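All of the numbers you see were taken from the coordinates with simple rules; none came from a lab. Keep in mind the model is a prediction, meaning the values are calculated, not measured. Please note: Cβ atoms are built from the backbone with ideal geometry, for glycine as well, and neighbour counts cover all protein chains shown.
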Amino acid sequence: MFTLLFTLLLIVTATEIRAREAIKPEAEVGQIIKDFEEVHVNETNQRGAPCKLDIQDDFPYGKRSQPLYLHPNTDTYWLPNAEGQLVIPRGASIELYCSSAFASINTDDHVTPDLSSIHARCLHDSTFEWTGGKREFQDFYCTQQLAYAVERLEQPCGDGDVASAARMYRVGYNLGAGRFVRTLELCHDAEKLQTEYAFYQLLPANEHFQRHVKRVRFSTAGHFCGFDMERLYSQTHQQQRAVQLLHQAAEATATLGDHMKGLFDKKAGLFLARGHLAAKGDLIYASQQRSSFNYLNVAPQWQSFNGGHWAIVEDETRRFVARSGLSVSVYTGTYGVMPLPDAAQTDFHLATDANNTAVLRVPRLYYRLLIDNDRPWRGLALIGVNNPHATLSQIRESYMICDPLQPELVPWLRWLYLENLVWGYLYACTVADVARVVGHLPPQLQEVHDLLS
């Protein structure tokens, strides 16, 4: 259902981000990920070596804002190969797009700042031709960072239950004239301030994501009206909220100090971070990475887990995909609500709405599902416990939503079963087992029984 194929790009400043509502969904794309690697050009390719550009060294960086790198006249990124090289055949053109304008390269060039899109033709190595002049690839850059959009679609998530408030959102660049360059999709419930999952693609190229891209401020992207998301995620607020909830719980008043003791500790990573669903490092280009810094793509995640075992899961997943030469669809999401450590096992939420209904839950679990695009009956589910205060007996009783796989079935994840509870307890299952329990995922995932290992 969601085999929409992605690409990337989007550079963002917090004030430039746009939002759209009730966008009619585009027709489903029935092509496999290999289509992204095809060359879409109008020119006849000439004989000779292609232009090979290292995405770490041959692209504009620093104060120079990268444009979108597209197959000409399409809404798909031109992605690098498995070695991290953007390869443009000799004589072929790549479309470069800026949402504002291109910067002038020098005083005697022909680059017109008023243009938002140009087609640069490969000559050799990193040299390209445009309007008769020769230029280095990294000399094509934008006057301003590109502004990404997070747009709500009409389609519901999962099995299409229209009664559910959760809807699909697309994140990317709206170029106009029906062109929207996606980086990822999100299943988000605006009433609960809760994102169920992010959906995107991983290729061998993703292991070579651009590594010197600075983190940017998180943005609401025009959503979350009436809520100060930065304040709700602040450490001061989350501690105040925990105290408030524990006071409200039965018999908590007399033992509040005991319940709060050790619950938060900044030095130990015991505070709630804005945990990425689609990780910054799972996106290749700078523009794609920056588009991940929106509040629809995060959920409250304990920092000891965020920077501990979950970060290792993200790194190891990229290595596994690259080593195996796979094309993988990724669903990264949340499930359940973490309880506070009191006798009543009070659900931990960071806010309430106008009706005093709890919203912005602290998830009990994070999951990451990997689906083989070439053989979609194969997959793997990785589950992480988002509660550094849970004991091993509590985890086994209340946090295991499927039968854990034996280590020998997924040898590249043997380290998963180390029981460092503060860094996050992890286990693996079949995709079908997790999809049946979670409920909000596309129904076809309940048929993914074979293991991707």
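Observations, loosely collected:
- Amide H contacts under 5 Å for SER65: CYS142, restricted to partners 5 or more places along the chain or on a different chain, H placed in the peptide plane at 1.01 Å from N.
- In terms of the mean number of neighbouring beta-carbon atoms within 10 Å, the peptides 325-333, 349-357 order highest first as 325-333, 349-357.
- Kirkwood-type radius of region 266-352, with distances r between different C-alpha atoms, in Å: 14.9 Å
- Model label sites at GLU397 and LYS261, defined 7 Å from Cα along the beta-carbon direction, differ in position by 2.1 nm.
- For region 230-245, the Karplus equation 6.51 cos²θ - 1.76 cosθ + 1.60, evaluated at θ = phi - 60°, returns couplings of 4, 5, 5, 8, 5, 5, 4, 5, 5, 6, 4, 5, 4, 4, 4, 5 Hz by residue, with Gly and Pro reported as x.
- Computed over region 138-280, relative contact order equals 14 percent, with contacts defined as Cα pairs under 8 Å that lie 6+ residues apart.
- Loop-located GluC sites (Glu not before Pro) across region 398-453 with a Cβ neighbour count of 15 or fewer within 10 Å are GLU419, with loop assigned by DSSP.
- Cα centroid separation, region 159-221 to region 312-349 (Å): 16 Å
- Relative protection proxy for 215-226, 197-208, 297-308, 165-176, from highest mean packing down: 197-208, 297-308, 165-176, 215-226 (other beta-carbon atoms within 10 angstrom).
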